[in-house]
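In what follows, a structure is listed as structure tokens, so that the remarks can point back to it.
Read the figures in this text as sums done on the coordinates, not as results from a lab. Remember, predicted model here, so these are calculated numbers, not experimental data. In this analysis, Cβ positions are derived from the backbone assuming ideal geometry, glycine residues included, and neighbour counts consider all displayed protein chains.
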Protein chains: 2
Amino acid sequence: MTKLRRGVSEIFPEQLDSKSPDDNFNERLAQSNQPLRIKFGIDPTGTDIHLGHSVVFRKLRDFQDAGHTAVLIIGDFTARIGDPTGKSEVRKQLTTQQVQQNAQTYLDQVRPILDFDTPGRLEIRYNSEWLSQLDLAKILDLLSTMTVGQMLAKEGFALRYEKEAPIYLHEFLYPIMQGYDSVAVEADVELGGTDQKFNLAVGRDLQRYFKQKPQFGLLMPILIGTDGVQKMSKSLGNYVGLSEDALTMYSKLEKIPDDLIIQYFELLTKLPLDGLPENPRERQKLLALDVVSQYHGKEAAKDAQKAALNLTGGNAKQADAVPEFSLTEVEFPAKLFYILNASGLCKSSSEARRQMQGGGVRLDGEQITDVNLIFDSIDDLNGRVLQLGKKKFVRLVG
Amino acid sequence: MTKLRRGVSEIFPEQLDSKSPDDNFNERLAQSNQPLRIKFGIDPTGTDIHLGHSVVFRKLRDFQDAGHTAVLIIGDFTARIGDPTGKSEVRKQLTTQQVQQNAQTYLDQVRPILDFDTPGRLEIRYNSEWLSQLDLAKILDLLSTMTVGQMLAKEGFALRYEKEAPIYLHEFLYPIMQGYDSVAVEADVELGGTDQKFNLAVGRDLQRYFKQKPQFGLLMPILIGTDGVQKMSKSLGNYVGLSEDALTMYSKLEKIPDDLIIQYFELLTKLPLDGLPENPRERQKLLALDVVSQYHGKEAAKDAQKAALNLTGGNAKQADAVPEFSLTEVEFPAKLFYILNASGLCKSSSEARRQMQGGGVRLDGEQITDVNLIFDSIDDLNGRVLQLGKKKFVRLVG
């Protein structure tokens, strides 16, 4: 129970003095003889997931570990139809194949987080299963459960209506579709970010309308990005991607600002918050090691830690300064000394060979002295860090 | 052309200086090589039609007579689903059978107005044909063509929103469904009362969205009722029903107030307005005779006129004063003299027989002297007027 509440921003409705399992979350958990159904919906529109997204997935895993069923809803229906007005960036129309691919990429990335294997712990559903079956009569029925006033009270809409920015009628349907997903899967709890409160509440209303027990909404905080200022987002560049290599991940995480780090521990690890190192630098390293371990395993995390140490001489601040060298102009197979020269780390091929023989060259922190070392393709080097002496680095990119 | 514009309140868009048949009604008529499709939609929710409804049907007939196709849309879809909130009187949920019956009754009543027989002049469509085929994707598409602001600008909604009276989301769909009917039947013109302007404009927008030529809206005035004050309506009692008997119809119409009568002539007859009698009483009689002829034929109309004259001694004002006598307590078969007594027209059965023999008794203006005249059932007398002497009347009702 304590574990399920770790990091949670809000559970609603939460009337702790009530004995009714409809509005007391503890009662609902206690009275349930069978696994609860914990809903979380994702949009298969993008493919790169970052630690910000992982917050809710980790909470979903907590429920799985407590014996409940994670019901992961893939919003393929809306992804396929897009936004008819074409005004929305996130509602581009995708083909069925694109949606399938995106969903698969999505699932691959969250595989380290969720329990995919224990029977009964994960149910993956595509919402086209029920949304494509809705006809006009049913849609009129769904729409009749809400008023224009309620919809316009929603933060996003209220602001736009006030500013006289156009709100297209179909936009009112999106919260209702998400709410109807809860009816379709008979959710007991729906997880979401704090920005999802309205939509989760619509789910409750619709479930009541269809004579189901209304779900609880469980809201998780929105993770602040590595810049310590804005919410983590790919477009802002302040993100740590779940599919990034161990060294990149480690390098980003070991620089998390101290005023943010407790929340990162709370939301991204299982470490007890009262046993953290007192030294800020040690806290950063522990966070980075723990999180990288989750996605790449303990060994790779330790290697990344070592490589990062080598890269920066122990000074994490330098890590952003690593310049990149594009391998696209290099003809493969290619010898390493050639790349040392081409990248500008050495002034000539002969200097490069000399430096290698003298022990001054490292690849991802590992000393390389074999001047004949050859790489077959760009993929063998992409993302790795090439180092000359103690202070000169380039990151090789494809 | 002049005929098509008789009584019309507004045609839109109407840019008379434009050469484009998309916004110049005359051009559209002139350029069309084939019959235009003139849409009118009806709700098969009630069954009794009155002269107020006939105004638009008569205009539809004008278009038929000009060689165009009347496309009569029966809104069976919405009638069958009703209003999910149950708040609307006119959106009660009806069974398919009820809808069919109502539609049939409706059609029977407008049979005297429309041309049902000339090939190609009438197309009857049920909107469930296309509305029941709509899925969520298509509905999102339709809804995306309009904004919340446009919808709330609609008179009925604006007022309610201002008053903070709840507007349910599904209500926004009704104008869109009506508009989509225009797309489905590819209407060139849609007829309606002046209160339908918004809905007809939605039809234009949707047709444009689906790359069709947008329809023209042709609005007819709302007929004022026989009280000369409020719009004609069954619930207000100021109506003349199309299925009422000739005498009832005549009696109501010969009392139309003089300040209303020109509009009645314009909207309910084909008589030239500049050749009407100068005497107000003669105008009333001409109007009544003409309209009754349309629904009951010339002979019946003349008979009704005679009966009405007998009823009132030529003084139309008395006609409202006809009291009613309910036949429900009378045991059938019943002799007429018995009813003369029971109704209070005569003080005893013997007086009744005497009056009949003396020629003082009339039924619907026809003298009855046979004291043995017997009626088998209530239906034989329901609605007829029983008269004693020149001044005493009762209307027999079932």
Could you work out the mean count of beta carbons from other protein chains within 10 Å of each residue's beta carbon in A:171-182?
2
Distances in nm between the label point of B:K270 (7 Å along Cα→Cβ) and its equivalents in the other copies, shortest first, are 8.9
Report the FRET efficiency, 1/(1 + (r/R0)^6), for A:V397 and A:E282, where r is their Cβ-Cβ distance and R0 is 25 Å, rounded to 0.05.
0.20
Taking H as built 1.01 Å from N, whose amide H comes closer than 5 Å to the amide H of B:G225, not counting residues under 5 places away?
B:Q230, B:K231, B:M232
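Set the bar at 31 Å for Cα to Cα. Now go through A:K302/A:K392; A:K39/B:K211; B:K39/B:K302; A:K285/A:K390; A:K234/A:K391 and name every pair that lies beyond it.
Values: A:K302/A:K392 22 Å; A:K39/B:K211 41 Å; B:K39/B:K302 35 Å; A:K285/A:K390 21 Å; A:K234/A:K391 29 Å.
The answer is A:K39/B:K211; B:K39/B:K302.
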For B:E324, inter-copy label distances in nm, listed shortest first [label point 7 Å out on the Cα-Cβ vector]:
8.7
Average Cα contact separation per residue, the range B:188-233, under 8 Å, 6 or more apart, as relative contact order %:
41
Going from the alpha-carbon gyration tensor of the range A:2-220, what semi-axes, largest first and in whole Å, does one get by taking the root of 5 times each eigenvalue?
27, 23, 17
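How many partner chain Cβ atoms sit within 10 Å of a residue's Cβ in peptide B:163-169, on average, as a whole number? Show your work: numbers first, answer last.
Numbers: counts 0, 2, 2, 5, 4, 9, 15.
Counting other chains' Cβ atoms within 10 Å and averaging over B:163-169 gives 5.
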Equivalent-ellipsoid semi-axes of the range A:324-397, from the Cα gyration tensor, Å, largest first:
17, 13, 11
Once label points are set 7 Å from the Cα along Cα→Cβ at both A:D195 and A:D108, what is their separation, rounded to one decimal in nm?
2.7
Counting DSSP beta bridges with both partners in the range B:2-220, what percentage is antiparallel, nearest 5?
15
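Report the local net charge at B:I262: Lys and Arg +1, Asp and Glu -1, summed over other residues whose C-beta lies under 12 Å from its C-beta.
Values: positive: B:R283; negative: B:D258, B:D259, B:E266, B:D274.
Taking every other residue near B:I262 into account, the sum is -3.
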Using 7 Å Cα-to-Cβ label points, what is the A:F210/B:L271 separation (nm, one decimal)?
6.2
Which Rg and Dmax, in Å, describe the Cα atoms of the range A:246-317?
11.3, 31
Over the C-alpha atoms of the protein assembly as shown, what are the Rg and the largest Cα-to-Cα span, Dmax, in Å?
40.4, 145
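Could you pull out the pairs from B:K92/B:K270; A:K306/A:K335; A:K163/B:K231; B:K138/B:K197 whose alpha carbons sit more than 31 Å apart here? Intermediate values should be presented prior to the final figure.
Details: B:K92/B:K270 37 Å; A:K306/A:K335 25 Å; A:K163/B:K231 39 Å; B:K138/B:K197 24 Å.
Result: B:K92/B:K270; A:K163/B:K231 exceed 31 Å.
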Here the correct list, in nm and shortest first, of distances from A:K211 to the same site in the other copies, label points 7 Å along Cα→Cβ, is 4.7
Using θ = phi - 60° and the Karplus curve 6.51 cos²θ - 1.76 cosθ + 1.60, what whole-Hz ³J(HN,Hα) does each residue of the range B:338-348 get, with Gly and Pro shown as x?
4, 5, 4, 6, 4, 6, x, 5, 10, 7, 8
Which angle from 0 to 90°, rounded to the nearest 10, does the C-alpha axis of helix B:173-185 make with the longest principal axis of chain B?
80
So the angle from the long Cα axis of helix A:280-296 to the longest Cα principal axis of chain A, reported in degrees to the nearest 10, equals 80
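Chain A: Rg/Rh from Cα coordinates, Kirkwood Rh?
Details: Rg = 25.0 Å, Rh = 23.8 Å.
Ratio value, two decimals: 1.05.
Restricting the count to DSSP beta bridges whose residues both fall in the protein assembly as shown, what percent are antiparallel, rounded to a multiple of 5? Working shown, then result.
Values: 35 of 77 bridges.
So the antiparallel bridges amount to about 45 percent of the total.
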Give, in nm to one decimal, the length gained when the segment between B:Q101 and B:D65 is fully stretched (0.36 nm per residue of separation minus the Cα-Cα distance).
10.2 nm
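For the protein assembly as shown, with only Lys/Arg (+1) and Asp/Glu (-1) charged at the beta-carbon, what is the dipole magnitude about the Cα centre, in debye rounded to 20? The partial results should precede the final answer.
Details: 96 positive and 108 negative charges, 111 e Å.
That gives the protein assembly as shown a dipole magnitude of about 540 debye.
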In sequence order, what are the phi-derived ³J(HN,Hα) couplings for the range B:256-273 according to the Karplus relation 6.51 cos²θ - 1.76 cosθ + 1.60 with θ = phi - 60°, rounded to whole Hz, with x for glycine and proline?
4, x, 5, 6, 9, 5, 5, 5, 4, 4, 5, 8, 10, 9, 9, 5, x, 6
Kindly express, to the nearest 10 degrees and within the range 0 to 90, the angle between helix A:51-65's C-alpha long axis and the longest C-alpha principal axis of chain A.
60
Based on the alpha carbon coordinates of the range B:135-270, what radius of gyration and maximum Cα-Cα distance (Dmax) apply, in Å?
19.1, 55
When DSSP beta bridges are limited to those with both residues in chain A, what percentage is antiparallel, rounded to the nearest 5?
45
Working from the alpha-carbon coordinates of the range B:155-228, get Rg over Rh, Rh being the Kirkwood radius.
1.07
